[in-house]
Amino acid sequence: MRSSVKMKIDRFRHEDLDTFLHLASEENWICGRWEFAFLLRQFPQGCLAVRIDDAPVAFITSIKYGKSAWIGNLVVRKKMRGKGIGSTLMKRALADLVDAGARTVWLTASETGKKIYERSGFAVIDMLKRWFGMGTGGLDVEPGDVCTADILAMDHAGWGDRRESILIELLELGTVMVRNGGFLICQPADGCMQLGPWGSEGRNTAKQLLDGARISAGDGTRIFLDAPVRNVDAAVLLHSRGFTLGGSALLMYLGEKPAYDPTRIYALASMGSMG
């Protein structure tokens, strides 16, 4: 780059969103506008851009909840890669999260990105599989009695931390289904349905929630979700309902090892942006 070029790290601006979504689409990421409105509202200091002559060339998003944090979307324009821009953004985001009190930082990574993140101290704790299925339609299913405190407790049992800010947002955005020992939030997504967060104490409760969600989605509606590989029951259940695999990512963490129990996690709350 010419010495006259001015590069700086700046806050993510609302007017950056279209540029970010364009770069995200080039990476085949599934993400929605509401997620970034939420991230900018909840943890604006964790959403950053690198600008060259005031034009954005790279972005990173992150959020902190409880004692944990999540780095979501790190993307650099293809023509600007290999110049250390992504590493610079990652270091800045991590420093800001630590300053905010995060003791554990999560992210998802491809096999290619694994070594990059390992150099920053991240370790693999699980793998995520993306599953695709279809709605069935049928008789309406009673959603069950929704108790926010119970849902927060069930989610905490899986992740080992309170993710209240995320769950409250999704409880307002999506359709909530509750059964004894489990919950599932169905999120609308451009004519499709995303399942998650989805927590359950066991396969039978998880089965009831999944069957209810497929009915709620409607016949022929495409459904997708990310589930941890270490939850074997989730894979067995999804396969039995005709879901198919469509990709994978590594789940990694940095810092204090979390009280993570994947047997209680059947689907994440987002497709990589915040856990």
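Give me the accessible area of residue 253, 1.4 Å probe, in Å² rounded to the nearest 10.
Using a 1.4 Å probe on the heavy atoms, I get roughly 30 Å².
Residue by residue through the stretch 194-200, which ³J(HN,Hα) values in whole Hz follow from phi under the Karplus form 6.51 cos²θ - 1.76 cosθ + 1.60 (θ = phi - 60°), with glycine and proline marked x?
Going residue by residue, I get 9, 9, x, x, 9, x, 7 Hz, with x marking Gly and Pro.
What's the tally of Lys pairs in the stretch 32-102 whose alpha-carbon atoms lie under 27 angstrom apart, where the two lysines are 8 or more places apart or on different chains?
5
Can you pull the accessible area of residue 98 for me, 1.4 Å probe, Å² to the nearest 10?
Only protein atoms counted, so the area is about 90 Å².
So what's the Cα pair-distance distribution over the chain, bin width 5 Å, in %?
Per 5 Å bin, starting at zero, the Cα-Cα P(r) for the chain comes out as 1, 6, 13, 17, 19, 17, 12, 8, 5, 2, 1, 0, 0, 0 percent.
Give the relative contact order (percent, whole number) for the stretch 17-133; include only Cα pairs under 8 Å separated by 6+ residues.
In percent, rounded to a whole number, it is 19.
Residues with beta-carbon under 10 Å from that of residue 195, excluding residue 195: net charge, scoring Lys, Arg +1 and Asp, Glu -1?
Charge balance in the 10 Å sphere: 0.
Name the longest site-free stretch of the chain, where the excluded sites are GluC sites (Glu not before Pro) in a DSSP loop with no more than 14 other beta-carbon atoms within 10 Å.
No qualifying site falls inside 28-255, the longest such stretch.
For the stretch 60-119, what is the percent of antiparallel DSSP beta bridges, rounded to the nearest 5?
60 percent
Using a cut-off of 9 Å between beta-carbons, work out the net charge of the residues near residue 8 (Lys and Arg +1, Asp and Glu -1, residue 8 not included).
Local charge sum for residue 8: 0.
Please get the size of the charge dipole for the stretch 78-135, origin at its Cα centre, with Cβ charges of +1 on Lys and Arg and -1 on Asp and Glu, quoted in debye to the nearest 20.
With only Lys, Arg, Asp and Glu charged at Cβ, the dipole is about 400 debye.
About the Cα centre of the chain, how large is the charge dipole given +1 on each Lys and Arg Cβ and -1 on each Asp and Glu Cβ? Please answer in debye to the nearest 20.
Value, rounded to 20: 1300 debye.
Test of understanding: in a Gaussian network model of the chain with alpha carbons linked when under 10 Å, which of 265, 223, 85 would top the mean-square fluctuation ranking?
Taking springs between Cα atoms under 10 Å, the residue moving most is 85.
At a 1.4 Å probe radius, carbon and sulfur cover how many percent of the accessible area of the stretch 152-227?
On the way: 1170 of 2750 Å².
Roughly 43 percent of what the probe reaches on the stretch 152-227 is carbon or sulfur.
If you place +1 on the Cβ of every Lys and Arg, -1 on the Cβ of every Asp and Glu, and leave all else neutral, what size is the dipole of the stretch 19-60 about its Cα centre, to the nearest 20 Debye?
In total the dipole reaches around 200 debye.
Choose one of 76, 7, 148: the residue whose Cα lies farthest towards the positive end of the charge dipole of the chain (beta-carbon charges +1 Lys, Arg; -1 Asp, Glu; about the Cα centre).
Looking along the dipole axis, the top candidate is 7.
Counting only heavy atoms of protein chains, what accessible area per residue, in Å², does the stretch 1-122 have with a probe of 1.4 Å?
With all protein chains present, the stretch 1-122 gives 51 Å² per residue.
Ordering 186, 192 from largest to smallest accessible area (1.4 angstrom probe), what's the sequence?
Final ranking, largest accessible area leading: 192, 186.
The values are calculated or read from the model by the stated rules, or taken from the named source; none is laboratory data. The structure presented is a predicted model; accordingly, all values stated were derived computationally and were not measured. Here the Cβ is made from the backbone with ideal geometry for all residues, glycine too, and neighbour counts use every protein chain on show. All accessible areas refer to the heavy atoms of the entire protein, side chains included, with ligands and DNA or RNA removed. Shrake-Rupley method; radii C 1.70, N 1.55, O 1.52, S 1.80 Å.
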